[in-house]
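Reviewing the structure listed below.
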Amino acid sequence: MRLRIDCAYDGTDFSGWAAQPGLRTVQGTLESALATALRVPQPRVTVAGRTDAGVHARGQVAHLDVEPGVLEASAGRSADPPLDALARRVDGILPPDLRVRRVSEAPAGFDARFSAVWRRYAYRIADAQELADPLVRGHVLSWGRRLDVEAMNEASAPLVGLRDFASFCKQREGATTVRTLLDLDWRRDDAGLVVGAVRADAFCHNMVRALVGSLIAVGEGRQPTSWPAEVMAGRRRDQGVRVVHAHGLTLEEVGYPDDDELAAQADRARAKREAIDA
């Protein structure tokens, strides 16, 4: 059976999601806890989106395939249903900066990575001295100049759609930089923080942080509102684009289609990825 695992983490002390020898990663920590809870060697989870070092998540999604008998046995004498018992046991093993919010049986055709139709991130900025709050310093970027949110929204609008984001990505050989950016907008929250909401079918390496860096340059008046679109039109990494710090970025949510569309979406996304890799 396939399990869907919804989790959240503070990325500060993790070297990103993906397991790496000798490094503390989210994947490695979660798989170790699952191995203990399920009493199985080396379980492998598949994730919706691999976050970089220092990036946080509130709505990360992963899946794991297990034998039903293994799940039943792991519950032991618990009065809770096996899935609830597993979630509780894993949470008891995990460190405080990684939490499992829910474990559920995945619908037929579900794939945490390939069934996803979008990922939504938020980037938070404190752009005034009175907004500085040491209690949230780990997930809010402190910026020394006031930002013009309206100008940032004006500059963001031409970036939305099916575009080549080569100018904002750390390119990998053979990988495409074409993505569909569904939303990119800015607002001030109730506390006065500048919050950028970014939603796309997928993201390439450093894409969100580079986009934010270019829009900050507009917000503080160093660049005109037309500049980010001009950079994107160049289709190559622009040295003028600053990649902002990872700690201001949080994966908020992953979107999936209705259950009867999960398998078809996974097939489409997998075929597209195989074509890219080829």
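Read the figures in this text as sums done on the coordinates, not as results from a lab. These numbers come from a predicted model, not from an experiment. Neighbour counts run over all protein chains shown; Cβ positions are idealised from the backbone, glycine included.
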Exercise. With r defined as the distance between the Cβ atoms of V160 and R44 and R0 fixed at 41 Å, what FRET efficiency is calculated, to the nearest 0.05?
Worked result: 0.70
Seminar exercise, completed: For region 99-116, in residue order, the Karplus 3J(HN,Hα) values (coefficients 6.51, -1.76, 1.60; θ = phi - 60°; whole Hz; Gly and Pro = x) are 10, 8, 7, 6, 10, 9, 6, 6, x, 4, x, 6, 9, 4, 8, 7, 7, 5
Exercise. Over the chain, what is the relative contact order in whole percent, taking alpha-carbon pairs under 8 Å and six or more residues apart?
Worked result: 23 percent
Exercise. Amide H to amide H, which residues 5 or more places from G54 or on other chains are under 5 Å from it, using H placed in the peptide plane?
Worked result: F14, G16
Problem set entry | Positive minus negative residues near G138 (Lys, Arg vs Asp, Glu; Cβ under 15 Å) | -1
Problem set entry | Local net charge near A122, Cβ-Cβ under 12 Å (Lys/Arg +1, Asp/Glu -1) | +1
For this session: Divide by every residue of the chain the summed helix terms, -39500 (n - 2.57) for each DSSP H run of at least 4, and state the resulting mean residue ellipticity at 222 nm, rounded to the nearest 500 deg cm²/dmol.
Result: -8500 deg cm²/dmol
For this session: First measure r as the distance between the Cβ atoms of E67 and L182, then evaluate 1/(1 + (r/R0)^6) with R0 = 25 Å and state the FRET efficiency to the nearest 0.05.
Result: 0.10
For this session: Springs between alpha-carbon atoms under 10 Å, Gaussian network over the chain: tell me which of A35, A108, A191 tops the mean-square fluctuations.
Result: A191
For this session: For Rg/Rh (Cα atoms, Kirkwood Rh), several values are listed as [x] 1.00; [y] 1.23; [z] 0.95; flag the one computed from this structure.
Result: [x]
Problem set entry | Extension gain from A108 to D189, taking 0.36 nm per residue of separation minus the Cα-Cα distance | 25.3 nm
Exercise. Angle, helix 207-219 long axis vs. longest principal axis of the chain, Cα atoms, 0 to 90°, nearest 10?
Worked result: 30 degrees
Seminar exercise, completed: The ³J(HN,Hα) series, computed from each phi in region 181-198 with the Karplus coefficients 6.51, -1.76 and 1.60 at θ = phi - 60°, rounded to the nearest Hz and given as x for glycine or proline, is 8, 7, 8, 8, 9, 10, 7, 9, 7, 4, 7, x, 5, 7, 10, x, 9, 10
For this session: Express in nm, to one decimal, how much length is gained between D259 and H245 on full extension, taking 0.36 nm for each residue of separation and deducting their alpha carbon distance.
Result: 1.4 nm
